[in-house]
1. Between segment 234-264 and segment 491-531, how far is it from one alpha carbon centroid to the other, in angstrom?
2. Give the aspartates and glutamates reachable from residue 363 as a straight Cα distance under 15 Å; neighbours fewer than 8 places away on the same chain don't count.
3. Taking the Cβ of residue 435 as the centre, find all other residues whose Cβ is under 11 Å away and add up their charges (Lys, Arg: +1; Asp, Glu: -1).
4. Need the list of aspartates and glutamates near residue 637 for cross-linking: C-alpha distance under 18 angstrom, and skip anything on the same chain fewer than eight residues off.
5. What's the exposure ranking of 264, 621, 586, 571, going from fewest to most Cβ atoms within 10 Å?
6. Equivalent ellipsoid semi-axes for the chain, as square roots of 5 times the alpha carbon gyration tensor eigenvalues: give them largest first, rounded to whole Å.
7. Which trypsin sites (Lys or Arg not before Pro) in segment 106-201 pass both tests, a DSSP loop state and at most 14 other beta-carbon atoms within 10 Å?
8. Out of residues 5 or more away from residue 143 or on other chains, whose amide H comes under 5 Å of its own, with H placed 1.01 Å from N in the peptide plane?
Amino acid sequence: MTTLPLLLALAAAASAQSSVPYSGHGAASVSKEVLERFAPKPVPDELARTIQAMLDVRSPGMGELSPDGKTLFFGWRVTGVPQVWRLGAPMTFPTQLTAGQDPTSIAAVTPDGKTLILSRDRKGEENPGLYLQDPSGGALRVLQHKPGVQTFLQFVSADGRWAYYRSNDKKPDSYALYRYDLAAGRAEEVFSQDGIWYIADHRPGKLLLGRSVGSNMDEYFELDEASKALTPLFGQGEREDYSAAYGAAAGEILVLTPHFGNFRRLYSWSAGSFTALTPELGWDVSGFSIDEARLRVVYQVNEAGFTRPRALDARTRKALAVPGLPKDAVHVYWGSATPDGRFITLGVDDGISPFQSYVLDWKTGTTVRWHVGSAPEADLARFVPAKLETYPARDGTPIPVLVREPKTCAKPCPVLVSFHGGPEGQSQPGFAPTDQLYLDAGFVLVEPNVRGSEGYGKAWLHSDDGPKRLAVITDIEDAAAWARKRFAADGAVPKVGVMGGSYGGYSTLMAMTYFAGAFDAGAEVVGMSSLVTFLKNTAPYRRILRESEYGSLDRDMDALVKLSPSTYLERLKGPLLLVQGASDPRVPVGEALQFHEALKARGVESEMLVFPDEGHGAQKRENKVYELGAILRFFQKHLQGKG
């Protein structure tokens, strides 16, 4: 039973947290003096060279094909930040199309193949704009890029005249829909209502619209472009997970949902009736798409974190073989198809080498590899693949966990427990060059998929929503107890560190405060220190989505306070490293600053670095060296006694 003193203490804490000690998010919310004070420090030369070499183990992305399937446009980080490249034939030398310090990606190729539509962000602000470029290269032309505004491409019309996009340029927590005349260079509004709206698919004169009402919660509508009539289809008021696209038959909509069971399945919807297209697998169908010609449906199945490709004839619904792929791949991802449906890109992670991109020609039944990742000076034979294990939660629930053990280390090997972001994310096996840095340094790396993670069904995913998180947050502490037993050697117990980014950063702060003593040291990146101040200051569009995950400021203040690391900062025992980007719109820089300053006021030192030109995690190569170097040195010092 909750005691009166505890209730009074919680009420006082809630009052203190609701008087926001910082305001807003982004670089403007932090002073130049603070940025200078916490500027990242150079990494020792030898360690920097080691990290630089590992960052050179990398791969191009799957990309977008030209309509004739003869050219591939893709992203690559060779310059230090993602830029767009062109490949004119399989396994040939690529041409760089975009440049500079702003991350740029390919959004689409117009149906006539004459224009590229690109997405570009600045300093990790996550306020991307859209640009146009000739496929041969040259200067970019702005479609729309406004300060503090997000602009996302939705699709290009079949005749190549219109580029449809969504933007929160009217209200920061709502998205209006527009179409841009590529020839005339002007935009016009298509639809505008309050809400997080997006275009899921299109048919002549019709738009299939989705509206996100929470995390993994969507409602679907059909908009008649001429009359502007909006017709509700499904999901209204349900707060259920739906993903949809038009099918091959008249009136048919393909729907991916867990509504009728614990796992996501693919259904055909028509006139309010759902018919299952995929069997009850005991795993999620994690995603699907259908080509513009409505010939084939491709989908992926998440089997315990491994990604398996499947395909169906869109009309007969018969299963189709996926030929020519490497055997025993850890992940096979579907990419984008050409407008006629003949060609489609595929991405393959075999777990032991850099990511590979293929193009499947359905007409000939051939699959061709198009580009090669790089691994200069790297002995790929030393890279350690992940093994899938479980550890017991205190209530007996087995928690999936990926394990990578170094080939050599001083026994007992110190252990790093790395929590994923999300919290709806999932740690998955696969080729992971930066993970290998920790293994080469003599650490065991374990990655739990605690309750609330993606990939294990609806009940698992939503088991931590709002106040329910209080019942399962203990999965964090149970991971430490298991690690000390699992990796003990000759009666000696290993030291255990904890780390993670975003929600993984929050998990790290909870591990070091609420579960103080369970871990010996913690390094968090862009994590929330208070769920109260986080929800008050995160970008408005994100607050709508995050309240369904963490709880409402109006209804769940008690739980939000109980679940905030800052409520327990006086418990902190071990050393802590805080890493943050000043431009972060998701987790404001103030989350790290307020925690650091609160610890300092109590006479407790913590390390902190803030990147002035980054947002929700470091993207630029130099900053990634600083970030990885700081985390690695921190754990070498506190878990291995080095430095």
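1. Each part's Cα centre sits 38 Å from the other's.
2. Candidates past the 8-residue exclusion: 68, 291, 313, 340.
3. Numbers: positive: 404; negative: 440, 447.
Around residue 435, the surrounding residues sum to -1.
4. Output for residue 637: 45, 46, 440, 520, 524, 605, 607, 627.
5. Details: 264 31, 621 17, 586 21, 571 13.
Going from least to most buried by this count: 571, 621, 586, 264.
6. Working: eigenvalues 304, 168, 135 Å².
Taking √(5λ) for each eigenvalue gives 39, 29, 26 Å, largest first.
7. On the way: sites: 114, 120, 122, 123, 141, 161, 166, 170, 179, 186; in loops: 114, 122, 123, 161.
For trypsin sites (Lys or Arg not before Pro) across segment 106-201 that sit outside H, G, I, E and B with at most 14 neighbouring Cβ atoms in 10 Å, the list reads 114.
8. 130, 131, 132
Values in this text are rule-based calculations from the coordinates and carry no lab data. Not measured: the values here are computed from a predicted model. We place every Cβ from the backbone using ideal geometry, glycine too, and count neighbours over all the protein chains shown.
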